[in-house]
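The values are calculated or read from the model by the stated rules, or taken from the named source; none is laboratory data. Keep in mind it's a predicted model, so treat the numbers as computed, not measured. Here Cβ is always computed from backbone atoms with ideal geometry, including for glycine, and neighbour counts include all displayed protein chains. With ligands, DNA and RNA removed, areas are computed over all heavy atoms of the protein, side chains included. Shrake-Rupley method; radii C 1.70, N 1.55, O 1.52, S 1.80 Å.
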Amino acid sequence: MIVTFEPEVSSSHVDAVIRLAERYEGVTARKYEFRGAATTITEVHLIGSTATVPTGVFEGLPGVLKVVRVSVKYRLIGRHAGMETPEFEYNGVRFDERSVMLFAGLCAVDTPEHVKEMMAALQAAGIHTTRMGAYKPRTSPYDFQGLEKACLPWVFELAGKYGIKVIAMEVTHARHVDEIRAALDAAGAPTGVMLQIGTRNTQNFELLKQVGQQQRFPVLFKRGMGISLEESLNACEYIASEGNPNIVFCLRGVKTHLGDPHRNLVDFAHVPVVRRQTRLMVCIDPSHSVGHLDKAPDGLPDIFHVVGQGIIAGATMVLVDFHPHPELALCDGPQALTLSHLEPLQSYIAAVRRTYEAVSHSFI
Ligand code: PEP
Ligand code: MN
């Protein structure tokens with residue numbers, strides 16, 4: 001059961017609900033706060049033997065907006081009874097469904113010069129969000145594994161210099177979260193980090209619990225490449241169940257040769273499914289889905305086409321590999337867009353989004 005409060009409810013009203021809930025045997029109550037740009041929404045989630053707890057005891061209490069009995073599945077991330085997608089703000093960046101956010105950057109951090117070139121291009125394009133992989137889980141142990149914590153000080157410093165507010169950065173071990181926290185603090189927090197859970201760690205439940213137990217960093221959760229959507233959503237629920245509600249769900253294609261010649265079978269038809277079943281914002285990763293820069297006869301790379309497919313389906317975040325010199329990239333160079341693609345991609349995204357906004361709701 002979820003009790004949602006009026007915006008900016010007083011903590012005494014919330015505490016009263018928690019106390020009342022915990023009078024029921026076998027019920028524990030947890031408080032969640034969704035901090036949007038303008039308002040903070042508070043929810044209290046009742047966990048345990050809630051079947052016999054009547055919703056009526058909470059309805060009408062001061063500060064309570066609504067009370068919803070939720071199915072066990074996707075208790076926290078699920079879109080129960082038409083709930084809204086909660087917004088959150090992190091380091092001055094709003095995560096909501098009002099526009100499309102572009103996280104363009106290096107698959108793997110390699111040199112300060114390349115990071116600088118990338119970030120300078122983003123700044124010139126008015127973009128404050130990027131991706132920078134420091135910890136790379138590679139298929140082969142002999143492939144480049146990322147510069148790890150050694151690159152964090154200069155990556156964060158450059159980010160601050162070029163006005164980057166949020167960097168999506170994959171973590172594959174809880175230790176990496178500590179390293180990121182320490183490096184950010186040592187640098188005076190010139191930027192922010194969104195912790196990325198990669199497809200290879202979708203069901204690394206201990207890692208999910210660790211990123212869920214902290215609330216400083218939001219989480220970008222990638223679907224598992226070889227498991228069902230339901231399994232991925234259940235895994236994502238772990239993060240929320242540990243206390244971190246600031247999650248974006250990312251589709252990145254699934255592993256099957258039926259997707260050939262794309263690297264993965266593009267699964268952006270699941271954008272509306274994820275948005276219906278959960279109240280999470282949905283991100284798409286066209287780079288790891290498609291895996292190359294081949295163009296269609298219309299001149300657009302397949303990567304652009306699938307971005308369009310994701311956005312027209314309601315995705316509001318795009319995570320995409322760029323490299324100022326893809327031939328020098330140490331990871332995934334063949335799928336990296338170059339800096340000359342940045343402005344066209346922005347315009348293309350804006351055009352598709354305008355169409356989405358114009359047509360959504362108009363066919364029902
Ligand atoms: C990545 O985004 O760098 C990455 C490794 O993606 P995925 O986990 O989707 O393969
Ligand atoms: Mn990659």
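Overview of values
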{"quantity": "Given (1) of a type outside the set (Lys, Arg); (2) closer than 21 Å to Arg30 by Cβ; (3) open to solvent by 50 Å² or more (accessible area, probe 1.4 Å); (4) within 16 Å of ligand 1 (Cβ to nearest atom), number of the condition His270 does not satisfy", "calculated": "(2)"}
{"quantity": "Residue selected from segment 129-143 under the condition among the hydroxyl-bearing types (Ser, Thr, Tyr), within 25 Å of Phe156 (Cα to Cα) and out of contact with any His (no Cβ under 6 Å at 6 or more places or on another chain), by the criterion surrounded by the most Cβ atoms within 10 Å (Cβ to Cβ)", "calculated": "Thr130"}
{"quantity": "Neighbours by Cβ (under 7 Å, 6+ apart or cross-chain): first from segment 169-185, of a type outside the set (Gly, Ala, Ser); second within 16 Å of ligand 1 (Cβ to nearest atom) and open to solvent by 30 Å² or more (accessible area, probe 1.4 Å)", "calculated": "Thr172/Pro137"}
{"quantity": "Some residue of segment 212-229 being assigned to a helix (DSSP H, G or I), basic (Lys, Arg) and modelled with pLDDT of 95 or more", "calculated": "no"}
{"quantity": "Residue selected from segment 273-286 under the condition at pLDDT 95 or above and assigned to a loop (DSSP other than H, G, I, E, B), by the criterion farthest from ligand 1 (Cβ to nearest atom)", "calculated": "Leu280"}
{"quantity": "Segments classed as strands (runs of 3 or more DSSP E), wholly inside segment 38-131, with at least 3 members that are away from ligand 2 (no atom under 16 Å from the Cβ)", "calculated": "40-48, 64-68, 88-90, 93-95"}
{"quantity": "Selected residue (only one of Ser340, Ser347, Ser289 is under 23 Å from Leu258 (Cβ atoms) and either within 15 Å of ligand 1 (Cβ to nearest atom) or at pLDDT 95 or above (or both))", "calculated": "Ser289"}
{"quantity": "Glu59 being in contact with a Pro (Cβ under 9 Å, 6 or more places away or on another chain) and among the charged types (D, E, K, R)", "calculated": "no"}
{"quantity": "Subset of segment 309-337 that is more than 15 Å from ligand 1 (Cβ to nearest atom) and part of a helix (DSSP H, G or I) - its residue that is least open to solvent (accessible area, probe 1.4 Å)", "calculated": "Ile311"}
{"quantity": "Any hit, segment 36-46, residues being at positive phi, at pLDDT below 95 and open to solvent by 10 Å² or more (accessible area, probe 1.4 Å)", "calculated": "no"}
{"quantity": "Hits in segment 281-308 (condition: more than 20 Å from Glu357 (Cβ to Cβ), open to solvent by less than 30 Å² (accessible area, probe 1.4 Å) and not hydroxyl-bearing (Ser, Thr, Tyr))", "calculated": "Asp285, Pro286, His288, Val290, Gly291, Ala296, Pro301, Ile303"}
{"quantity": "Any hit, segment 1-17, residues being within 20 Å of Tyr238 (Cα to Cα), in contact with a Ser or Thr (Cβ under 6 Å, 6 or more places away or on another chain) and touching a residue at least 60 places away in the same chain (Cβ under 8 Å)", "calculated": "yes"}
